[in-house]
Each structure stands twice: as structure tokens, then as C-alpha cells.
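A short worksheet on the structure shown next.
What follows is calculated from the coordinates using simple rules that are stated; it is not laboratory data. Owing to the predicted nature of the structure, the values given are computational and were not obtained by experimental measurement. All Cβ positions, even for glycine, are placed from backbone atoms using ideal geometry, and neighbour counts span all protein chains on display.
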Amino acid sequence: MTDPTAILPAAPAVTTPAGPTLALTEVCRSFADRRVLGPVSLQLDPGVLAVVHGVNGAGKTTLLRVAAGLLTPTGGVRSCAGRAVYLRPGGGARAALTVRQALRHTAALAGGRGVAADAAAGRVGLTGELLDRRVGQLSAGQRARLSAALALIANAALVCLDEPAAHLDGDGVDQVHAALTTLIDRGASVLLASLGPGEFSGLADAVLRVERGIVWEESW
Amino acid sequence: MVSSPRLAWLVLRRELAVEAATRETLVSVAPFVAALVLLAGLAFGPRPAVLTATGPGLVWLIVLVAAVPLAPGVAVAEQQDDAWDLLRSLTSPSTLLAGKVAAVWLWLLGSWGLATVLAVALFGAGATATGVAGGLVGTLGVAAVTVLLGTLLPAVTRRPGLLAVLLLPATLPTLVAGTQTATGGVPAAPWLGLLTVFDLLTLTVAWAVFPALLED
């Protein structure tokens, strides 16, 4: 059994002089006096991908939303060096917009350019007439690919992806893998939640398991 | 790094793109405004003097009621599309607020403009320069209140009636002052001043509390 208190080693797998992208120190989160997460201490350096897995209701999504800054911890300290984004598969874009519009609006908000949006779309296989299709008319798998493309153009230091392989076929999983590799190569940190560690364990620098809000280190 | 004014503009541009794609605001609010003016004309009777006198007040009452269906566009529609989290992450609270207020302001100005044109055409109500100034200034404060309550709305989706209960009293100063700026023979300056103070107050409160409202 792994040690639940020393959630990650003091010296993570990849160390950089710039310091960690994300640092959670004794972070807890409760909803209506019911604690659903923590205490969690976690440090992610640039270019590190950590997979968080656990059963439904274990606290994975809460951990990711706290890490992304969307949920304020009820205890402990969160610090993040740069922009953090959280994406569910299929999330991130207004259904009424076309894929091209959604990507370009996101790229502009993130300080990027349209060419970056087009390149990101190509990276996940959203090409041709799919670019002019409304987001709401995409299949679940196509929307999941769009979310991966949005993660690529968000210019984020920390990308939190909740079940990014949901709804994806084999090609889709490969394309999300490629997108994740690009993010890591750029120096972004990735925190990825999944029911099981399987699909992304090959890319992972760390595998964490969440159980009743407590994070256990499985490998680092 | 994108400057704050540009980020606010980008949020507004995204709102305009969504509206251009769906025409949702146009389709839901414009017929509503037109129907209210026509129904009010029937309700107040055929005497021109009554219709002329009630025109300015009716216009502002319609603007306030039209704000209620605009509120879900602030956050509920974003959440239904699962786009809210990313938008929050890419913007600061102040730029997100500015972009959303600007969008709602535009929709409210459109509602005010349509209601005014119909009131002038059907009721014979006069359109004055101070009335136009009142429309421009007054709708900004209503937009700020609408965005605040629209951001709260996801938390009260089971009680949507609560929104109207909160929104309409909060905008009462606009109803009173906006009506006076459009009423002939009434000194407009004090009422325009009141509308400006109301704008400053609502925008300041919105800026102060918006970050807290954005939290899950």
C-alpha cells in the first residue's frame, strides 16, 4: 500500500529551476460541511503529466477544479505559476459557433493567432468541412477532439483534463496523445483524470489514485 | 499577454458571434417588446392623451421586464454548453464582467430603441434628446444588474421566479429616472445625474462582488 500522507515525493520526477507550475499544500475542499477532497499536497513541475484515477465520486474532478483555480480550497494553499485551464471532453466551446469560430475566439482570448487555431484543429483531426460545422452538431467524439484542440491553444501553464478519452475511438485517443505530447514538449503541466490509469499511463510521469478524497501515489 | 480592454472586447465579440449564429436574443426579446407595447396600447384605451403620457414609463417598464429573459445568456447558456469554465480561465473577472455587461447593454439598448420607436409611432409619444441620453445611461446600470443576477442564476435554476423578484426592484431607480428624462416639461439634468450615480453604483458593486459570484 502506498503512503497517503506523503502524496508526492519532495523532489518530483522533473525538476526545473523555474519551480513548480502547481503547488497544493494541505489543500482541502468541502461542500456543505462534507469534505470531498484532502488534505492533498501535490507539486507539478513544467512538462510533467500526472494521471489521476479513481472510481466515480472519488474526488478526481474536485481535485482538478481546485488545481485549475475554479474551486477555492476550504483549507490549505494553492499556487499556480501561470494560467490554468480545466476541460471536460466536449467542453470549452459554445454550441452555436462553428469549430473554426470556436477555435479562433479561444485563440484570441488566449493571446494567440488564427493560424495556431487552425494548426491545433489539424493536430486532432478536425479538418475540412468539420471546421465549418457547428459545435453542437459534432459527435461526442469530435467534440472531445475539439476540447483537446482548445487545450492546445489556451496557452496555459497547467492543463487539467477530465476524462479526455471519453467518447473517443482509437484514432481519437492517438490524436489526444499527440496533443498531450505537444503540451508537455511546450513545458505545460498536465493533470489528467481518468477512471483507470490505462490509456495515458505510457505518457505519465506520475500516476495518482484518488479514493474518498485522499490522493495516493502509485508511481512517480 | 492580452490587454484588459482587448480581452473585454474579445468577450463581447464572442457574444456577438453567438447571437449572429442563433438570433436567440433577437427572436426572444424583440417580439416580446413589440407585443407588450401593442397590448399596453389596448389596455390603456383609445384616448391619445393617456397613451402619450404613459409612453415614457411604458418604455422603461418594458426595458426592465426584457432584462429578465436576457439574464440566462450570461452564465446559464455558457454552462449548458460547458463553455463557462474555459471562458473563466482565459479572462480575468473584471474583463469577463466588462464583456458581458457590454453585450447585455447592447441588447437592452436595442429593446429600449424598439420600444421607443413603437411608442412614438403608435402612442404619439415624443422622442427627446434627453430621453435618448436617459436611454443610453439608464440601460448601462440595468445591464450591470442583469449580469450580476445572471451569474447567480445557475445557483437558483429551481427558482427562476426569484430572479425577477430580485432584478426588478434593484432597477427601480432606472424606471423612475429614465421615465422622467423622456417626459416633456420635466428638467432632465437631475434625473440624468441620478441615472449616472446608479450606473456608477451598480458597476462598482458588480466589479466588487463578481469574482465571488464566479466561484462554484
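If the viscosity is 0.692 mPa s and the temperature 37 °C, what translational diffusion coefficient in µm²/s does Stokes-Einstein give for the range A:17-128 when Rh comes from Kirkwood over Cα pairs?
Working: Rh = 16.2 Å.
Calculated translational D: 202 µm²/s.
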Quick calc, residue B:65 & residue A:139: beta-carbon distance into FRET formula, R0 60 Å, rounding 0.05, result 0.90
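Note down the Stokes-Einstein diffusion coefficient of chain B in µm²/s, whole number, using a Kirkwood radius over alpha carbon pairs, 4 °C, and 1.567 mPa s.
73
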Descending packing, highest mean Cβ count within 10 Å first, for B:55-64, B:83-92 is B:55-64, B:83-92
Pseudo-spin-label distance residue B:6 to residue A:174, built 7 Å along Cα→Cβ, given in nm, is 3.8
So, with points 7 Å from each Cα along the Cβ direction, the residue B:43-residue B:197 label distance in nm works out to 3.0
Inverse of <1/r> over all distinct C-alpha pairs of the range A:75-132, i.e. the Kirkwood Rh in Å, gives 13.0
Answer in debye to the nearest 20: the dipole magnitude of the range A:94-155 about its Cα centre, from +1 Lys/Arg and -1 Asp/Glu charges placed on Cβ, is 100
Binned at 10 Å starting from 0, the alpha-carbon pair-distance distribution of the range B:1-104 in whole percents comes out as 13, 36, 24, 16, 9, 2, 0
Using the Cα gyration tensor of the protein assembly as shown, the equivalent ellipsoid's semi-axes, largest first and to the nearest Å, work out to 48, 23, 18
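Semi-axes of the equivalent ellipsoid for chain A, please: Cα gyration tensor eigenvalues, times 5, square-rooted, ordered largest first, whole Å.
29, 17, 16
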FRET efficiency for residue B:156 and residue A:81 from the Cβ-Cβ distance with R0 = 60 Å, rounded to 0.05, comes out at 0.95
